[in-house]
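Some notes on the structure that comes next.
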Amino acid sequence: MARSVNSAELSLISVHEFPLPFGERILSEGQKRIMKGNKARLARELRQRQTEAEKTLWASLRNRQLEGVKFRRQQPVGHYIVDFASFESRIIVEIDGGQHNERGMAEKDSERTIWLKGEGYHVLRFWNNDVLKNVDGVLEVIREALR
């Protein structure tokens, strides 16, 4: 299955057999440092521009409020930035808005989930509406995954 590559990614790919398998890039050490820095900057920006659903869930996850487990928000994991992650429990929580119903987005979400699971993470996905209308139910599902 081919995936599209944006112009920023093209500038980082060395002359090599194209397309590379999903998630693989040929990068120099300098390019890796630049990518890591850009990802950290993007994660900071995403933390500053949280959705209402993310703010609502974060209010219950921060400061080890849920089962004493530390969660981080908008964290780089591999070449992705996940909404919430507990690295000690290997759990990732993603909150999806309506754009995740759009053509192609579900496929990208699926690829992302498969990669994260391959790295040993348990991935939980919730719709924005679920978080906003039933945060207690969402927290219960997360609590169950922590056990």
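Just so you know, all these numbers are worked out from the coordinates, no wet-lab data involved. All values reported here derive from a predicted model rather than from experimental measurement. Using ideal geometry, Cβ is built from the backbone for each residue, glycine included, and neighbour counts are taken over all protein chains shown.
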Legend entry - Inter-centroid distance (Cα atoms) of region 127-147 relative to region 55-87, Å: 13 Å
Inset, instruction - Would you mind getting me the FRET efficiency between LYS108 and ASP136? Use the beta-carbon distance for r and R0 = 25 Å, nearest 0.05. - result: 0.25
Inset, instruction - Name the residues whose placed amide hydrogens come within less than 5 Å of the amide hydrogen of ILE81, ignoring near sequence neighbours (fewer than 5 apart) on the same chain. - result: none
Legend entry - Estimated vicinal HN-Hα couplings, Hz - region 73-84 in sequence order (Karplus 6.51, -1.76, 1.60; Gly, Pro = x): 10, 6, 10, x, 9, x, 9, 10, 10, 9, 5, 9
Inset, instruction - Please turn the phi angles of region 136-146 into ³J(HN,Hα) values with the Karplus equation 6.51 cos²θ - 1.76 cosθ + 1.60 (θ = phi - 60°), one per residue in order, whole Hz, x for glycine and proline. - result: 5, x, 4, 5, 5, 5, 5, 4, 4, 5, 6
Legend entry - Dipole of region 50-147, positive direction: furthest Cα of PHE87, TYR121, ASN134, with charges on the beta-carbon: PHE87
Inset, instruction - Once you have a ≥ b ≥ c as the square roots of the Cα gyration tensor eigenvalues for region 50-147, tell me rounded if a/c is under 1.5, and otherwise prolate or oblate according to whether a/b is larger than b/c. - result: oblate
Legend entry - Under 5 Å, built H, 5+ apart or other chain: amide partners of TRP127: ASP96
Legend entry - Residue list for region 129-144, given a label point 7 angstrom along the Cα-to-Cβ vector of GLU52 and an amide N cut-off under 13 Å: 129-134
